[in-house]
Amino acid sequence: MKPDWDKLAEEFPKAVFDVDCTADGKDLCEEVGVQGYPTIKHGDSSDKSALQAYEGGRDFSSLKKFAEENLAPNCGPDSMDACSGTEKELLEKFMKMEAKELESTHKALKKQLDGRQQKLMKRQRKLNDQLNEYEEDKGGHDDSKPPKGKEKQHAEKGAKFKKRKEKLDKEQEAVDQEKKAIKDEAETSGVRLMKVVIASRKSNKSGKTKTDL
């Protein structure tokens with residue numbers, strides 16, 4: 001896959017990047033939920049909680065086709081056509097706000113969302129450790145194959161493992177729900193669009209043309 005990925009990066013230099021999850025990129029990979037390698041995520045990099053896993057083919061033609069169809073301009077002051085109706089309303093609202101008010105609102109909202117994301121990451125790591133511990137403890141236990149003469153003990157042990165797994169699954173469901181809630185709040189609050197407007201104003205103020213959000 002590496003040669004095809006490098007070729008794709010050459011064709012889309014502003015949209016395709018590598019992250020080493022075993023070195024400097026470890027924290028970022030944990031933040032976006034990377035659990036195996038190689039993993040491909042796509043979406044708006046300014047809203048990491050909204051990045052989605054790529055499930056398509058890993059050959060160059062498949063990767064290029066996906067890139068051509070999905071790496072479209074993000075909604076922003078310079079690309080209003082890329083905005084949905086809701087995004088356009090939020091964008092217009094933020095563009096009317098005074099700079100200090102917008103920056104203050106964005107800072108407070110981002111701090112809140114980042115705090116929730118950090119707590120979620122810590123919760124997920126703890127759960128992953130518990131799942132690994134569960135798998136180690138369970139080992140080769142098989143409910144359908146009890147040792148002769150120890151059927152009762154075997155069944156009791158299996159029941160305990162089942163109860164323990166149900167508890168872990170329930171916690172994973174709660175973590176996934178919180179992850180979705182954070183993503184939904186990020187979208188409805190427009191925190192990414194606030195950042196885009198702030199960056200656009202600074203770029204225009206410095207006399208530069210904004211080309212990549």
Can you pull out the residues in the stretch 127-142 that are surrounded by 12 or more Cβ atoms within 10 Å (Cβ to Cβ) and under 24 Å from Val32 (Cβ atoms)? Leu127, Asn128, Gln130, Leu131
Taking the stated definitions as given, is Asp184 charged (D, E, K, R), in a helix (DSSP H, G or I), over 24 Å from Asp78 (Cα atoms) and open to solvent by 50 Å² or more (accessible area, probe 1.4 Å)? yes
State the number of residues belonging to the stretch 74-94 that are surrounded by 13 or more Cβ atoms within 10 Å (Cβ to Cβ) and assigned to a loop (DSSP other than H, G, I, E, B). 5
Does the stretch 13-28 contain at least one residue that is in contact with a Cys (Cβ under 6 Å, 6 or more places away or on another chain), more than 22 Å from Val191 (Cβ to Cβ) and not small (Gly, Ala, Ser)? yes
Only one of Arg125, Arg58 is touching a helix residue (DSSP H, G or I) at 6+ places or on another chain (Cβ under 8 Å) and either within 17 Å of Met194 (Cβ to Cβ) or in a loop (DSSP other than H, G, I, E, B) (or both), namely Arg58
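What do you reckon, is Lys157 more than 30 Å from Lys2 (Cβ to Cβ) and of a type outside the set (A, V, I, L, M)? I'd like the intermediate steps shown before the answer.
Details: more than 30 Å from Lys2 (Cβ to Cβ): yes; of a type outside the set (A, V, I, L, M): yes.
Spelling it out, Lys157 is indeed more than 30 Å from Lys2 (Cβ to Cβ) and of a type outside the set (A, V, I, L, M).
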Of the numbered conditions (1) within 18 Å of Glu31 (Cα to Cα); (2) surrounded by fewer than 16 Cβ atoms within 10 Å (Cβ to Cβ); (3) not acidic (Asp, Glu), Pro147 satisfies every one except a single condition; which is it? (1)
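Checking the condition of a type in the set (A, V, I, L, M), over 18 Å from the mean Cα position of the chain (by Cα) and not in a loop (DSSP other than H, G, I, E, B), which residue from Leu131, Leu113 passes?
Leu131
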Within the bounds of the stretch 63-73, is there any residue that is within 15 Å of Leu193 (Cβ to Cβ), open to solvent by less than 30 Å² (accessible area, probe 1.4 Å), assigned to a loop (DSSP other than H, G, I, E, B) and not polar (S, T, N, Q)? no
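Would you pick out the residues in the stretch 24-50 that are in a helix (DSSP H, G or I), modelled with pLDDT under 75 and not small (Gly, Ala, Ser)?
Lys48
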Scanning the stretch 13-23 for residues that are modelled with pLDDT under 80 and of a type outside the set (Gly, Ala, Ser) gives Pro13, Lys14
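The values are calculated or read from the model by the stated rules, or taken from the named source; none is laboratory data. Here the structure is a predicted model, which means the values were calculated and not measured. Please note: Cβ atoms are built from the backbone with ideal geometry, for glycine as well, and neighbour counts cover all protein chains shown. These area figures cover heavy atoms from the full protein model, side chains too; ligands, DNA and RNA do not enter into them. Shrake-Rupley method; radii C 1.70, N 1.55, O 1.52, S 1.80 Å.
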